[in-house]
Amino acid sequence: MLQIEMEAQYAVQEEDMQKIIDWSLPSMLFRYGLSNNVELQLNAPLVLEKLYEYDHLVRNSNRFSNIQLGTSLNLWKQKNILPETAFMARVILPINKNENSNKIGEILALNFSNAFLQNFALNYNIGYVHETDGSNAGYYILNLTYNLNQNVHFFIENFSDFKGNSSFSQNLIVGGGGSINANLCLDFSVANGLNHNFFYSSLRLTWLIKTNKS
């Protein structure tokens, strides 16, 4: 299967007298399953960014952001309370190289999932990011999904990232979605910063393509 995720994103973050507005139109994620246990991934986001200082526009850029290329390996299926587990690894390739961002970065993550009570799933991920500017960060994601039926689902999620002892941000995300047909799914989500001034909204269209007719 080839899965294409096209996501339009809008985000606003404010700190001190700076405000950053980001549009992603769209962010493209390609996922191709080589087998039941191996998946190739390619992420290529197109970003429109505006930076304001003291309410004055100081930068306006429209560019491709860093490309991520990697794989996900399913390690084992869920067995009782033992969660289904996958390992993900990606390299981050800098597109707009400059003196502060010219290195190849990496993302390493373990992704866990437990299905329970027939319609619920608890997903939790932990990861490490080595950025193209040489900095390091960690993150975790805790997601609870409720499947109303085969076509409609809702979720609530906590996403947190941290860079050493210097910064720690927490965000609460809620959303849902539904199947348009057997191959198309539409999702919507909004997020708000719990300990910082941040807002985010997203509309994602997922398209599944069967590449093997057998």
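Structural remarks
- Restricting attention to segment 29-58, the residues that are part of a strand (DSSP E or B) and modelled with pLDDT under 90 total 13.
- Of all residues in segment 76-105 being more than 21 Å from the chain's Cα centre (by Cα) and of a type in the set (A, V, I, L, M), the one that is surrounded by the fewest Cβ atoms within 10 Å (Cβ to Cβ): ILE81
- Only one of GLY134, GLY127, GLY178, GLY138 that is of a type outside the set (A, V, I, L, M, F, W, C) and at positive phi: GLY134
- Residue check for VAL190: of a type in the set (Val, Ile, Thr), part of a strand (DSSP E or B) and surrounded by fewer than 16 Cβ atoms within 10 Å (Cβ to Cβ): yes
The values are calculated or read from the model by the stated rules, or taken from the named source; none is laboratory data. Because the structure is predicted, anything quoted here is derived from the model rather than measured. For neighbour counting, all protein chains shown are included, and Cβ atoms are generated from backbone atoms with ideal geometry for every residue, glycine included.
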